[in-house]
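Worksheet: one structure, shown below.
The values are calculated or read from the model by the stated rules, or taken from the named source; none is laboratory data. Because the structure is a prediction, the values reported are computed rather than measured. FYI the Cβ positions are ideal-geometry reconstructions off the backbone, even for glycines, and counts take in every protein chain you see.
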Amino acid sequence: MHSRIRSVRDSLKLTRHEFALKLKQKEEKLKSVELDRQAVPAEMIASIVENYKVNPYYLLLGRGKMFEKDEIKESPHSYSPPLTTRHQKMIDFISHAMTTWDEEHKIWLDVQMTNCIREFKQFKEQK
């Protein structure tokens, strides 16, 4: 996901400073996330999805188009194996919750999202 955040920023032709400013994040934190030195906080994911209309499936899993309503910009990694129903439901839940929950619940969501992504990576490695 770290490299996809950078891909989104590059696609929008924004500096790290400009991108972080709109996300209400410190530039140094964004740099740490992009360089995979720090976990991606749920609030940053939600903010990217909301502010830049990024497809949450692309951001979380690298699946589909980069932007929700963009027919031109596709993920360079748009093919991946089909999700199980369980994984699909979890991703739908996370996508909804990231944009509607309060801060206290987003902390809990951050933990759940990390577990889901780890589980999905293990699932993909088994295929």
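Summary table
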| read-out | value |
| --- | --- |
| Subset of the stretch 42-69 [modelled with pLDDT under 85 and in contact with a Lys or Arg (Cβ under 8 Å, 6 or more places away or on another chain)] | Ala42, Glu43, Ala46, Tyr57, Gly62, Glu68, Lys69 |
| Qualifying residue in the stretch 11-30 (condition: at pLDDT below 95, closer than 23 Å to Leu109 by Cα, surrounded by fewer than 15 Cβ atoms within 10 Å (Cβ to Cβ) and not charged (D, E, K, R)) | no |
| Residues of the stretch 12-41 satisfying the condition of being touching a helix residue (DSSP H, G or I) at 6+ places or on another chain (Cβ under 9 Å) and among the hydroxyl-bearing types (Ser, Thr, Tyr) | Thr15 |
| Residue count, the stretch 26-52 (criterion: part of a loop (DSSP other than H, G, I, E, B) and under 15 Å from the mean Cα position of the chain (by Cα)) | 6 |
